[in-house]
Every structure is written in structure tokens, then in C-alpha cells.
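The values are calculated or read from the model by the stated rules, or taken from the named source; none is laboratory data. None of these values were measured; they are calculated from a predicted model. Note that we place each Cβ from the backbone using ideal geometry, even for glycine, and neighbour counts take in every protein chain shown. Note: accessible area is taken over every heavy atom of the protein model, side chains too, but ligands, DNA and RNA are not part of it. Shrake-Rupley method; radii C 1.70, N 1.55, O 1.52, S 1.80 Å.
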Amino acid sequence: MHLQNCFSFRSAMLATTMLMFILLTGIGCKKETSPTPYTNYLTYRLDGNLQTVNDVSAALINSGNMNYIAISANTTNPSQFMNLWIESSSQAGTYTWGDMGSNYVMKYSNSVLAISFTAKGNSLIISKHDKTNKIIEGSYTGTVYDNTASPTDSMMISNASFKIQY
């Protein structure tokens, strides 16, 4: 009987030691790492002045026969909004800005002026578009007009770049 109790005690100690070893070393456990949150980035100059972008967001939009990446950025002082619409099937390359309804649209608005400006011509350069991970990056320039058909006012967007996960 004493030998049986001794064996049970040793078995329990061995099991406890093995359990502690497994827990401390992580043997048999798969360590899960949380992905690093992605930080969207967008910057631009308005008539040569660097703008401080406070918030950037993006989404994949499917609307009728149009599928595009909608990128929205805003500043707080002064309150401005930059919106880019990029055809979702785009590959690395250079594209031209157009009016609403085209594949590539840049709109700028300033709450002080209460006018929305649309880019015409100039360029969007997509340097990378990873459709699997939904990351698009590139640069752009453009003159934004209050009315692209018969403009009376314009502003220049330059030194603009972005790296966005949508």
C-alpha cells in the first residue's frame, strides 16, 4: 500500500512538473500575434502650402458598373476635404484626373469657401496596388477648378502622396 501511495505521489509530481514546463516554455501552444494596425497616410500641398491631414479613411465602393476605391482625408485648420476616387482594377501606372463619373476623380473642398473643386488633367501615379491585401499607394498632382467646364477659380495640389489600405 505504501508503495502504491508513493507511486501515485510521484506520478502526480511528474504530471505537475510536466504541466509547469509546458506552460512556462509554451511547448504545444501556438503563439498568436496580433497584426499591427495599418496606418493610412495621405499628404498634399495646396498652392505650395503643406496641409496637415488629421484623418484619412478609405473604402471599396461598388456602385452600378463602377467599382472604385474611395479615399477621404480632412484637415481641421482650416477645415478642408480631399477626396480621391480610383478605379479598383487599376494597376501601377499613370492616369489622368477627370470629372465625376470617370475612373479617376480628385475633389477638394474648403468649408470657408463652401465650394467644391474638381481636378482636370494632370496626373495620378499608382506606384503599387496590392489587391490581395487591399493596399494602394502612389502620388498625384492636379489643378482643381470650381467648375471644370468654365472655371473662374482654381488651386494647385502638388507634392501629394498616399499609402492606403481600403
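Residue count for segment 111-166 under the criterion of being under 14 Å from S88 (Cα atoms) and of a type in the set (K, R): the result is 3. Kindly indicate whether K128 is in contact with a strand residue (DSSP E or B) (Cβ under 8 Å, 6 or more places away or on another chain), open to solvent by 50 Å² or more (accessible area, probe 1.4 Å) and in a strand (DSSP E or B). Judged against the criteria, K128 is a match. Restricting attention to segment 44-64, the residues that are in a strand (DSSP E or B) and open to solvent by 70 Å² or more (accessible area, probe 1.4 Å) total 6.
Residue check: is N103 open to solvent by 40 Å² or more (accessible area, probe 1.4 Å) and farther than 15 Å from F117 by Cα?
On the way: open to solvent by 40 Å² or more (accessible area, probe 1.4 Å): yes; farther than 15 Å from F117 by Cα: yes.
The answer is yes for N103.
Considered as a group, the residues in segment 105-149 that are farther than 13 Å from W85 by Cα and aromatic (F, W, Y) include one that is nearest to the chain's Cα centre (by Cα), and that residue is F117. Condition check: β-branched (V, I, T) and modelled with pLDDT of 95 or more. Does I126 satisfy that? It is true that I126 is β-branched (V, I, T) and modelled with pLDDT of 95 or more. Selection of segment 133-166 for residues being of a type in the set (F, W, Y) and not in a strand (DSSP E or B) yields only Y166. Any residue in segment 137-159 that is open to solvent by less than 30 Å² (accessible area, probe 1.4 Å) and farther than 28 Å from N77 by Cβ? Within segment 137-159 (the criterion being open to solvent by less than 30 Å² (accessible area, probe 1.4 Å) and farther than 28 Å from N77 by Cβ), the answer is no, since none of the residues qualifies.
Within segment 65-79, residues that are in contact (Cβ under 8 Å) with a residue 40 or more places away in the chain and open to solvent by 40 Å² or more (accessible area, probe 1.4 Å) have Cβ atoms under 9 Å from residues that are outside any strand (DSSP E or B) and of a type in the set (A, V, I, L, M, F, W, C) in no pair, counting only partners at least 6 apart in sequence or on another chain. Scanning segment 108-120 for residues that are touching a strand residue (DSSP E or B) at 6+ places or on another chain (Cβ under 6 Å) and assigned to a strand (DSSP E or B) yields Y108, S109, N110, S116, F117, T118, A119. Restricting attention to segment 71-88, the residues that are at pLDDT 95 or above and farther than 15 Å from Y140 by Cα add up to 1.
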